[in-house]
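The structure appears right after this line, and notes come after that.
The values are calculated or read from the model by the stated rules, or taken from the named source; none is laboratory data. The model shown is predicted, which means the values in this text are computed figures rather than measured ones. Ideal geometry is used to build each Cβ from the backbone, glycine not excepted, and the neighbour counts take in all protein chains shown. Accessible surface is based on the protein model in full, side chains and every heavy atom, while ligands, DNA and RNA are left aside. Shrake-Rupley method; radii C 1.70, N 1.55, O 1.52, S 1.80 Å.
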Amino acid sequence: RVVLWRYQSPPMSGFAGTAGSGGTDVWFATSSPDRSTRALVPLRLPHDQARQRAAGLDAEKLLAIRPGTAVALEVRVQGDAAEQERVRQGLLRQIAAAGLVAQDGAPLRLEALTETGETREISYRTFGSANREGEKVRVTEHICRLRIVEADRMLWQSMSVSGAPGFLQTEQGQSIQDALLPYQKPNLAFFENITLPRYLARPGEGGTYGTSEVTPQGLRGVSQPATSPGIR
């Protein structure tokens, strides 16, 4: 349940195809930017170094979350008391559905947050209007973020960004800016509809436990950048 190894190639260098049982035999076609040098690189993946790294990992210790794991719920969202309580109760149901246990003070925290994003100017054009540029309005992004944190390290995150719909319906005499008001707030339903992972492993420091670059001479080890866990 972890990304063990990342195989990468220089930008615009080629493509890969698989063959053989289990897709472990890979042929990587690559060329230099000026196309003067070309190569077809055969690879067997995972390679020995990745297999050795996997053999040294304890699968049980890697798992941060499994059924029965205790998590502390923290809700810091915009909205009135009723809306905040609805978010809390919805997440408690999701915790139970994932087989987890809600427990104050647990080392693992499930954090529900809302944030205000960028404000930008966009245009809406009325159907049939001769004004091709449309009416300009200002909209602000509202972000809902749900994450699982252990100590100060984020293990998992899912987020939703709302701002302005592609199509907007206005009432008689209503301005576009007023019609946008219902969209200018966080989409708290995101927290009620999210599905929490039943199993979650601690990723490597760079998101994986190793990285190699594909070159015409074969695989070359590279240092891993510090990256955050993937965002759903």
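Can you compute 3J(HN,Hα) from phi for each residue in segment 65-71, using the Karplus curve 6.51 cos²θ - 1.76 cosθ + 1.60 with θ = phi - 60°, rounded to whole Hz and x for Gly and Pro?
Residue by residue, segment 65-71 yields 10, 8, x, x, 5, 8, 10 Hz.
Select from segment 66-175 those GluC sites (Glu not before Pro) which occupy a DSSP coil region and have at most 12 other Cβ atoms within 10 Å, ordered by residue number. Provide the component values of the computation, followed by the final result.
Numbers: sites: E74, E83, E85, E111, E115, E118, E121, E133, E135, E141, E150, E171; in loops: E133, E171.
Counting only loop positions with at most 12 other Cβ atoms within 10 Å, the GluC sites (Glu not before Pro) in segment 66-175 are E133, E171.
What is the percent carbon and sulfur in the accessible area of segment 15-114, measuring with a 1.4 Å probe over the protein chains and ignoring ligands?
Values: 3060 of 5920 Å².
Reported share for carbon and sulfur atoms: 52 percent.
Do you know the relative contact order of the chain, to the nearest whole percent, from alpha carbon pairs under 8 angstrom that are 6+ apart? Before the final figure, lay out each step's value.
On the way: 419 pairs, mean separation 54.3, N = 232.
Computed value for the chain: 23 percent relative contact order.
Roughly what % antiparallel, to the nearest 5, for the DSSP beta bridges in the chain? Before the final figure, lay out each step's value.
Details: 43 of 55 bridges.
Of all bridge pairs located within the chain, approximately 80 percent are antiparallel.
For the chain, what does the alpha-carbon gyration tensor say about shape, rounded, prolate or oblate, given a ≥ b ≥ c as the root eigenvalues, a/c under 1.5 as rounded, and a/b over b/c as prolate?
Working: a/c = 3.21, a/b = 1.35, b/c = 2.37.
Oblate, since a/c reaches 1.5 and b/c is not below a/b.
Averaged per residue, what accessible surface does the chain expose to a 1.4 Å probe, in Å²? Spell out each step's value before the answer.
Working: 14220 Å² over 232 residues.
Heavy-atom SASA per residue in the chain reads 61 Å².
How high is the FRET efficiency between R51 and A151 when r is their beta carbon distance and R₀ equals 35 Å, given to the nearest 0.05? Please report the intermediate quantities before stating the final value.
Details: r = 30 Å, r/R0 = 0.86.
It comes out at approximately 0.70.
Which whole-Hz ³J(HN,Hα) couplings does segment 197-212 yield from phi under the Karplus relation 6.51 cos²θ - 1.76 cosθ + 1.60, θ = phi - 60°, glycine and proline marked x?
Taking θ as phi minus 60°, the curve returns x, 7, 10, 8, 9, 6, x, x, 4, x, x, 9, 9, x, 9, 10 Hz for segment 197-212.
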